[in-house]
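These notes are about the structure you will find just below.
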Amino acid sequence: MTAPFQKHELPGRVEWNSNPAGLPKIQVASAFSTAEIYPHGAHVTRFQQNGEPPLLFLSRQSLFASDKAIRGGIPVCFPWFGTREGAVMHGFARLTTWELTETAADPQGRVKLIFRLPPERLVAAGWPPAYVTLTVTVAERLTLQLAVRNDTAQAFVFEDCLHTYFAVGDISQVEITGLKGVQYLDKVEQFARKLETGDAIKISSEVDRVYLNTTGTVEIRDAKWHRTITVAKSGSASTVVWNPWQAKARAMTDFGDDEYPGMVCVESGNVGESKVMLQPGQSAALQVTLSSSPWP
Ligand code: TA6
């Protein structure tokens, strides 16, 4: 079978493969790190800096089917976040096969891949056929940029979120910093509006919070694996923090009952009151740069 994007292969840097379920995936090797990306959802499922544990969590029970979202890695939530009446959760972008349009490797061994969301998918769902790309740079760090250009004649209003699942040694030994003084909506308590007063967030039960109007960098301090994960972002006014804990973990069929201690989602986007409005000709870019550094 001819791989649809074989023309974009770069031997030793970008190589086509497929998983046991037959879903095409791309393996990326930079001079500093390795990664795995599925055109299905333009979904990064693995990133590992050389000599470091994996950065991202991927459930061993994740489904890999063309009509299902992958559980773990970095789902791209677009053009909406959360629930929407009569529609799928978190938008259709993560359920759509994106086109790989470009790959490049620079002399230092950094690798860039550009995926495009087929505009006909937007039109089929009644949305303007905006120009939507996800650029993934695999290097010392992992950088994702979701760019939207509204080259249509009508205004385009959307939400977006890079719903990153991070791997941690033990959630009970994790502290999340960078959100002190920020207001949030607590989904566990019917979206009650609250203020983050702690220097660090510690997780010991289900947490599902949308932090509002925050553009700062967040750190995940992992005392079990002795490392700090840094989530730096731009073009994003919302940060979401999620751990399903026990009951929700049991309720999810594509997530192991015992997997919640090994992950935390720290997501970067523009959701709810921070949704984006693009007039014709305007564009916007949501970018995250993810990395981890071992403690000395
Ligand atoms: O981002 C947190 C959240 O919105 C949670 O409420 C939870 O539902 C999670 O996303 C996972 O959503 P999914 O549709 O992937 O099961």
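Some notes on this structure:
- Residues that are part of a loop (DSSP other than H, G, I, E, B) and either in contact with a strand residue (DSSP E or B) (Cβ under 7 Å, 6 or more places away or on another chain) or surrounded by 21 or more Cβ atoms within 10 Å (Cβ to Cβ) (or both) within segment 5-51 comprise Phe5, Glu9, Gly12, Arg13, Asn19, Leu23, Ser30, Phe32, Pro39, Gly41, Ala42, Asn50, listed in sequence order.
- Selection within segment 66-75 - within 12 Å of the ligand (Cβ to nearest atom) and in a loop (DSSP other than H, G, I, E, B): Lys68, Ala69, Ile70, Arg71, Gly73, Pro75
- Residue check: Glu159 meets all listed conditions (1) over 14 Å from the mean Cα position of the chain (by Cα); (2) crowded, with 18+ Cβ neighbours inside 10 Å; (3) under 21 Å from Ala87 (Cβ atoms) but one, namely (1).
- Residues that are away from the ligand (no atom under 16 Å from the Cβ), in contact (Cβ under 8 Å) with a residue 40 or more places away in the chain, part of a loop (DSSP other than H, G, I, E, B) and not hydroxyl-bearing (Ser, Thr, Tyr) do occur in segment 93-102.
- The lone criterion from (1) over 21 Å from Glu52 (Cα atoms); (2) within 16 Å of the ligand (Cβ to nearest atom); (3) not small (Gly, Ala, Ser) left unmet by Leu195 is number (2).
- Candidates Leu63, Leu56, Leu134, filtered to the one that is closer than 20 Å to Val288 by Cβ, within 16 Å of the ligand (Cβ to nearest atom) and aliphatic (A, V, I, L, M): Leu56
- Selection status of Ser236, assigned to a loop (DSSP other than H, G, I, E, B), touching a Leu at 6+ places or on another chain (Cβ under 8 Å) and within 16 Å of the ligand (Cβ to nearest atom): yes
- Inter-residue pairs, beta-carbon under 8 Å, first closer than 10 Å to Glu267 by Cβ and in segment 218-242, second assigned to a strand (DSSP E or B) and aromatic (Phe, Trp, Tyr), 6+ apart: Ser238/Tyr211; Thr239/Tyr211; Val240/Tyr211; Val241/Tyr211
- Considering segment 249-275, the residues that are touching an Asp or Glu at 6+ places or on another chain (Cβ under 6 Å) and free of Cβ contacts under 8 Å to residues at least 60 places away in the same chain include one that is nearest to the ligand (Cβ to nearest atom), namely Ala249.
- Residue in segment 76-83 that is within 16 Å of the ligand (Cβ to nearest atom) and surrounded by fewer than 21 Cβ atoms within 10 Å (Cβ to Cβ) present: yes
- Residue that is farthest from the chain's Cα centre (by Cα) [pool: residues in segment 182-197 that are closer than 22 Å to Ser236 by Cα and outside any strand (DSSP E or B)]: Thr197
- Only one entry of Glu267, Glu219 meets the criterion of being out of contact with any Lys or Arg (no Cβ under 8 Å at 6 or more places or on another chain), acidic (Asp, Glu), farther than 30 Å from Arg149 by Cβ and not in a loop (DSSP other than H, G, I, E, B), and that entry is Glu219.
Read-outs: derived from the displayed coordinates by stated rules, not from any lab. All figures in this text were calculated on a predicted structure; none of them were measured in a lab. All Cβ positions, even for glycine, are placed from backbone atoms using ideal geometry, and neighbour counts span all protein chains on display.
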